[in-house]
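Okay, so here's the structure we're looking at.
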Amino acid sequence: MQGLYGLLGKKLKHSFSKLYFEAKFESQKVDAQYDLFELDDISGFQQLLAEHSDLKGINVTIPYKQQVMQYLEELDPEAAEIGAVNTIVVRGEHTKGYNTDVFGFHQSLIRFLPKDMKKTQVLILGTGGAARAVQYVMERYFQFPCIRVSRKNLNIENVITYEQLASLDIKKFRVIVNATPVGMYPFVDDCPVFPYDKLTDKHHVYDLIYNPERSLFLQKAAAKGAHVKNGLDMLYLQAERAWEIWNQDAL
């Protein structure tokens, strides 16, 4: 395993990935480099590939997990079903997209939810690539039906707007996940619009954000007695899975 790897996104100044993979390369004695590829528009993706002939693997973050799919030659079946990609293998002109968020979130959730938790509904804040991975895990591995929350009226089944949250019986949704970047550093004083007063110690609230360690969303949930968890171990788990995919493909 050698060559160039990197992270594709729009604003990557505070990215975890570069430090993580550079440390990984050093510990594994791998002759590889990890760069940050900031694009103002996903239409620059093909030029990015053309300019870096030694590129072997790419991680993908906000807001390109869905948009990048149109430029890939092949999709792993799971990524295709989810409709989002966060890991790409590059071999010459051939590109293949994977979704390792599913593995990371699934393993993290197993550690978080009580083993005896009965079937419940799940509320997912957001409708982007991360939200799609969350929904996939909830429905496939836990058989928990989901409702996603959008800023806009999308006219899609089981997707509501934030304005409609007030009319929901929140006690039926014992698992609530923030899959948006709202509250991420440096905007630590922001949090999603949510009826926090309806939360109790029966709720398990997960925020995919890991910086800050406890977002305002989690602080407000914890103040109502909810069980809370951030996305740090999900981040490590999905990164490890990306590493495995890159290595397997290199064999």
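The values are calculated or read from the model by the stated rules, or taken from the named source; none is laboratory data. Source: prediction; values computed, not measured. Glycine also receives a Cβ, built like all others from the backbone with ideal geometry; neighbour counts cover every protein chain displayed.
Only one residue in Lys115, Lys119, Lys65, Lys96 is surrounded by 15 or more Cβ atoms within 10 Å (Cβ to Cβ) and more than 11 Å from the chain's Cα centre (by Cα). Which one?
The match here is Lys96.
Can you name the residue in the stretch 148-172 that is crowded, with 18+ Cβ neighbours inside 10 Å and among the hydrophobic types (A, V, I, L, M, F, W, C) and is also nearest to Arg111 (Cα to Cα) among such residues?
The qualifying residue nearest to Arg111 (Cα to Cα) is Ile170.
Would it be correct to say that Asn155 is modelled with pLDDT of 95 or more and of a type outside the set (A, V, I, L, M, F, W, C)?
Details: modelled with pLDDT of 95 or more: no; of a type outside the set (A, V, I, L, M, F, W, C): yes.
Considered against the rule, which asks whether it is modelled with pLDDT of 95 or more and of a type outside the set (A, V, I, L, M, F, W, C), Asn155 comes out as no.
What are the residues in the stretch 140-161 that are under 17 Å from Val205 (Cα atoms) and either out of contact with any helix residue (DSSP H, G or I) (no Cβ under 8 Å at 6 or more places or on another chain) or outside the structural domain of Lys198 (by TED's automatic domain parsing) (or both), if any?
Going through the stretch 140-161, the residues under 17 Å from Val205 (Cα atoms) turn out to be 142, 144-149.
Passing the criteria: only Ile147.
Output the residues belonging to the stretch 66-95 that are out of contact with any Asp or Glu (no Cβ under 8 Å at 6 or more places or on another chain) and among the charged types (D, E, K, R).
Listed by number, the residues that qualify are Glu74, Asp76, Glu78, Glu81.
Pull out all pairs, ordered by first then second residue, where Cβ-Cβ is under 7 Å, the residues are six or more apart or on different chains, the first lies in the stretch 1-19 and is at pLDDT 90 or above, and the second is basic (Lys, Arg).
These pairs meet every condition: Gly3/Lys56; Leu4/Lys56; Tyr5/Lys56; Leu7/Lys18.
Any residue in the stretch 205-225 that's at negative phi: show its pairings with residues that are of a type in the set (Ser, Thr, Tyr) and part of a loop (DSSP other than H, G, I, E, B) at Cβ separation under 6 Å, as long as the two are six or more apart or on different chains.
Every condition considered, the pairs that remain are Asp207/Ser215; Ile209/Ser215; Asn211/Tyr185; Pro212/Tyr185.
Condition check: closer than 23 Å to Lys118 by Cα and crowded, with 20+ Cβ neighbours inside 10 Å. Does Ile209 satisfy that? If you could, list the steps in order and put the result at the bottom.
Values: closer than 23 Å to Lys118 by Cα: no; crowded, with 20+ Cβ neighbours inside 10 Å: yes.
Here the answer is no, as Ile209 does not meet what is asked.
Residues being closer than 20 Å to Val149 by Cα and either without any contact (Cβ under 8 Å) to a residue 12 or more places away in the chain or not hydroxyl-bearing (Ser, Thr, Tyr) (or both): count how many of those fall in the stretch 184-204.
12
If I filter the stretch 80-107 down to residues being part of a helix (DSSP H, G or I) and among the hydrophobic types (A, V, I, L, M, F, W, C), which single residue comes out as nearest to Gln2 (Cα to Cα)?
If we filter the stretch 80-107 for residues that are part of a helix (DSSP H, G or I), which is where we start, we get 80-82, 101-107.
Within this subset, residues satisfying the condition of being among the hydrophobic types (A, V, I, L, M, F, W, C) are 80, 82, 102-103, 105.
Working: Ala80: 27, Ile82: 29, Val102: 26, Phe103: 24, Phe105: 28 Å.
Of everything passing the filter in the stretch 80-107, Phe103 is nearest to Gln2 (Cα to Cα).
Which of the residues belonging to the stretch 173-203 are surrounded by fewer than 11 Cβ atoms within 10 Å (Cβ to Cβ) and modelled with pLDDT of 95 or more? Quick ask: steps written out before the conclusion?
First pass over the stretch 173-203, keeping only residues surrounded by fewer than 11 Cβ atoms within 10 Å (Cβ to Cβ): 186, 189, 197, 201.
Those that are surrounded by fewer than 11 Cβ atoms within 10 Å (Cβ to Cβ) and modelled with pLDDT of 95 or more: Asp189, Asp197, Asp201.
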